[in-house]
1. Restricting things to alpha carbons, find the Rg to Rh ratio for the range 193-298 using the Kirkwood radius for Rh.
2. Using alpha carbons only, how many angstrom separate the centre of the range 117-132 from the centre of the range 374-399?
3. Suppose we keep just the alpha-carbon trace of the range 299-364; what are its Rg and Dmax in angstrom?
4. Taking K and R as +1 and D and E as -1, what net charge do the other residues with C-beta under 15 Å from the C-beta of residue 354 add up to?
5. Given labels modelled 7 Å from the Cα in the Cβ direction, how far is it in nm from residue 367 to residue 128?
6. In Å and whole numbers, how far do the C-alpha atoms of the range 347-409 stretch along each principal axis, longest first?
7. Just to verify a number: FRET efficiency for residue 262 and residue 31, C-beta to C-beta distance, R0 = 51 Å, to 0.05?
8. Compute the angle between helix 355-369 and the longest alpha-carbon principal axis of the chain, please, reported from 0 to 90 degrees and rounded to the nearest 10.
Amino acid sequence: MSAMDAAKRSWPAPSAGRVPLWVYSDPDVYALEQERVFAGPTWNYVGLEVEIPNPGDYRRTFIGEKSVVVTRTKDGAVHCFLNKCTHRGVEFCRTDCGNARNFMCPYHQWVFDLKGNLIGVPFRKGVKGQGGMPEDFDFKDHPARPLKVEVVNGVIFASFDHDVPPFKDYLGESMYHYFTRVFDGRGLRLLGHERQDIPCNWKLMQENIKDPYHASLLHVFLVTFGLFRADQKSEVKLDPSGAHAVLVSRKGEQKAGEGLEEMASFKADYALKDPRLLDPVKEFPDANTVIMQTIFPNLIVQQQSNTLATRQIIPKGPNNFELYWTFFGYENDDEAMVTRRLRQANLMGPAGLVSVDDGEVLEFTQNGARPHPGDLAVMEMGGHDHADTDHMVTEAAIRGFYEHYARVMGFKREGA
């Protein structure tokens, strides 16, 4: 089967609540995702402006498996282009970040400026009257492929599709509200990065953050200390397409509540030696202490108490992906707030007190699903639809994701 054959697949289930396990491991489906999801009409997160503050600053990153370079030019504009020499396809930028006047391909030393324009070709006129490029060779015809860029309150998005709608329309009114709640126009302060290689399909990460059901059962820290639990005031909201979602919750206390008898991870006798780990202070207009936003296809925006981060999903084949964490605060934070954000960041990341559970269980999921591509996962907690809910005992956001994903991939439902 090829990627084109994969496009002819049908969704062998009555609803998006039944997910065929081949979506997690089929290499042809994965190849089709590179074309239709990551290179399609989607906005992909590629970084924060604060990571490239000065002219000449650049960041190398990925959209799907394609390497791209994000740059800032002298006029302050942000550009993004494919990290591929138009001569022989070589990646010409080989470091993750830095400052440069231009980029030189290591192979035949073709040179590209900070906008991706080709500006130099050795031996273009030949040597001693011999060889050289043809007379009709024109630099303008050979730039590194430019991507469309939109910068939203300090967050940089790029798309291979220059007809993609504006980011605000792409997100929809409700999701844009939550996005600009965190990215409200204040200057950002970069606090650090973490990388995590997780041996599972990239969609399982999107599922994980759209899945409040597991949070009340898997995570000892969330359940025991009341950070995010099914008996607390909470909401799940989606955009009309189902592509994007938020999980919203308010911190509770370390005490018994309705349904707690089914939460085996609750440990009444657990206590923190340093309670400052969980000392949130109110900083947003509403009373919500946790908002996890998933933006299709490659971004998670995290507010857990006062720790803020973006998580960029970078696929590395059907059975692996990299999660790239960028922790940040605001330019006007005082040092006490910076310390608080960093202390609470211990909940997150590859060895985070909460996130370490996710990395392990996602690997278990991939290992369990991969040998059984013909089987179906059942994601029907809370019903069959993907409507908003005023509780978190639901898998509605996952169903919304797969409704949208199946449309983007062109999968028709069997019997439809």
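1. 0.98
2. 60 Å
3. That works out to 13.4, 43 Å for Rg and Dmax.
4. Net local charge, residue 354 excluded: 0.
5. Between residue 367 and residue 128, the label points sit 6.5 nm apart.
6. 35, 34, 22
7. Efficiency, rounded to the nearest 0.05: 0.80.
8. So the inclination is approximately 80 degrees.
The values are calculated or read from the model by the stated rules, or taken from the named source; none is laboratory data. The structure presented is a predicted model; accordingly, all values stated were derived computationally and were not measured. Counting neighbours? That spans all protein chains shown, and the Cβs are built from the backbone with ideal geometry, glycine included. Accessible surface is based on the protein model in full, side chains and every heavy atom, while ligands, DNA and RNA are left aside. Shrake-Rupley method; radii C 1.70, N 1.55, O 1.52, S 1.80 Å.
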